[in-house]
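Structure, as structure tokens:
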Amino acid sequence: MKIPDTGETHDAVLADLEKFRQHDLNVRGGHVFCYSYHPGADVERTSESAFVNFLTESALDPTTFPSVMRIERDVVRMIANLLRGDENVVGNFTSGGTESILLAVKTARDHARAHRPEVKEPEILLPRSAHGAFFKAAAYFNLKPVIVEIDPETFRAIPKAMAEAITPNTIIMVGSAPQYAHGVIDPIAELAQVAEAHKLWLHVDGCVGGIQLSLMREMDEFQIPDFDFSVPGVTSISADMHKYGYSPKGASVVLYRNKSLRRHQIFSTTDSATYALINPTIQSTKSGGPMAGAWATLRRLGKNGYRNIIREVMKCTRKMMDHVNKSGDVRVLGQPDMSMFAIVSDTINVYELADEMRERGWYLQPQFSADCSPMNLHVSVSFANVAQFDPFCKAFDDAVAQLKSRPPITVEDVRNQVAQVLGESESLEAAMEKLGQVAGLANGQLPERMAFINTVLECLPRDLRATILGDFLNDLYV
Ligand SMILES: *Cc1c(COP(=O)(O)O)cnc(C)c1O
């Protein structure tokens, strides 16, 4: 496509964009169980207006746009209070969980550079269930990730194992509330004791659930362990507004115990001939839209609005997990603490289950195995899904019955095929190309059914899997 010489009409432009949506799944209708969090049309009307009204305001220079500064301060304060931070707790608004995590890790690294200069090769201690964003942060900021396996029954981090993996180079450790994969909360209080005993930075990843869990903690009907700033030893927390905060996308908060820690987050330079660059976050020019959208959502819903959503979502989640567990062929992993869970099966290939559900208009998210966590489908239940409980169960039962009526793609068969390709190929490059072909990942094209590809990827060594997926993405984008 080229930029048209003559500008087109408002209607023509928007109509084309709308057409692009034809093949998207019914997200607002509650057919997607990840990525999307809709608080309902009424609230969205407010948050979308706020978002659009502040689209062109820039948070680059708080002195030029005091409105944006005010909005950011309000959002940060509201979330800091929710997470029981005292008046010393500070933070910033970021574009999402990944940016919050990148910043927390960078800040911990620069804090260590200042206070522990003897550490030349800093390490970040991660439970296997830590989000991929921490691995990205380690890669971007040159930390060595040290990975500790999680409990194979509960899928929670094991504080004793984490403690044993500490070295003189460890500067930061991570726990999640909850971790995304299985929806369980790591034992944050115990991890904090380990961190304090070794004088380490502890980051709590509350990206997906920090906001909902805090609200649940305040409700009588739920039991939520302490995971926030009430726990001594917690140094920083990330919490996304654009997940269970139900705000429009591009909204997260990163918080620090105090200002002297956050100082290491801020970048400033006057070496350039252009204006002095003073940035608290990774973005420099930064739209006021997402902040205004988050501010508006918090104010429009209020705690009671969130509580009503949470009650419905938690009821629906429990009914869904019961339904899954009743089927006999599939079951939920561990005992999820919130509204996310992972489905496994001993009799059917869950990646085929994802395809069957997709054909029926539903999206469940495949997750590869990782040590004690078997291959599974992730389900995040949010408000839009609640009204779809009955149709979901029907589609789910249909899909399972369909799979029971034909032979599955078995991991054993695929593993043998993969081993053969790897064995026959002369070089790793040749093997990779062949595997890409076997998996159907050629030329940036995806087939309708993903189960075979996913099972091939499932059977590959982790490094190879990551490389193939990276190559694929490189082909997918122009
Ligand atoms: C989603 C998620 C992230 C990353 O957030 P993005 O907004 O997608 O960048 C980090 N941690 C957890 C636990 C998450 O669920």
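Summary of computed values
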quantity: Length released on extending from residue 359 to residue 197, taking residue separation times 0.36 nm less the Cα-Cα span; calculated: 53.1 nm
quantity: DSSP-defined antiparallel bridges as percent of all bridges, the chain, nearest 5; calculated: 60 percent
quantity: Potential extension, residue 8-residue 427 segment - 0.36 nm per residue separation minus Cα distance; calculated: 145.7 nm
quantity: Carbon plus sulfur fraction of accessible area for the chain, probe 1.4 Å, in percent; calculated: 53 percent
quantity: For residue 123, residues with placed amide H under 5 Å, excluding near neighbours; calculated: 144, 170, 171, 172
quantity: Label-point separation in nm, residue 55 to residue 475, each point 7 Å along Cα→Cβ; calculated: 3.6 nm
quantity: Overall dimensions of region 90-154 by Cα: Rg and Dmax, Å; calculated: 13.1, 40
quantity: Per-peptide average of other Cβ atoms within 10 Å, ordering 127-133, 162-168, 19-25 highest first; calculated: 127-133, 162-168, 19-25
quantity: Dimensionless Rg/Rh of the chain - Kirkwood Rh, Rg from C-alpha atoms; calculated: 0.97
quantity: log10 of Debye I(q)/I(0), alpha-carbon scatterers only, for region 61-120 at 0.18, 0.20 Å⁻¹; calculated: -0.82, -0.92
quantity: Lysines with Cα under 22 Å of residue 160, excluding same-chain neighbours fewer than 8 positions away; calculated: 144, 199
quantity: Among 201-209, 152-160, the order from most to least packed when residues are scored by Cβ within 10 Å on average; calculated: 201-209, 152-160
quantity: Förster-model FRET efficiency, 25 Å R0, residue 404 and residue 463, C-beta, rounded to 0.05; calculated: 0.10
quantity: Mean Cβ count within 10 Å, highest first, over the residues of peptides 266-279, 401-414; calculated: 401-414, 266-279
quantity: Whole-angstrom gap from region 119-139 to region 396-465, using each part's C-alpha centre; calculated: 29 Å
quantity: Lys pairs under 24 Å by Cα in region 220-355, provided they are eight or more residues apart or on distinct chains; calculated: 9
quantity: Residue 315/residue 25 FRET efficiency (R0 30 Å; Cβ-Cβ; nearest 0.05); calculated: 0.80
quantity: Spatial separation of Cα centroids for region 34-63 and region 261-305, in angstrom; calculated: 14 Å
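The values are calculated or read from the model by the stated rules, or taken from the named source; none is laboratory data. Bear in mind the structure is a predicted one, so any value in this text is a computation, not a measurement. Positions of Cβ are generated from backbone atoms using ideal geometry, with glycine treated the same way; all protein chains shown enter the neighbour counts. Quick note on the areas: whole protein, heavy atoms, side chains included, nothing else; ligands and nucleic acids left out. Shrake-Rupley method; radii C 1.70, N 1.55, O 1.52, S 1.80 Å.
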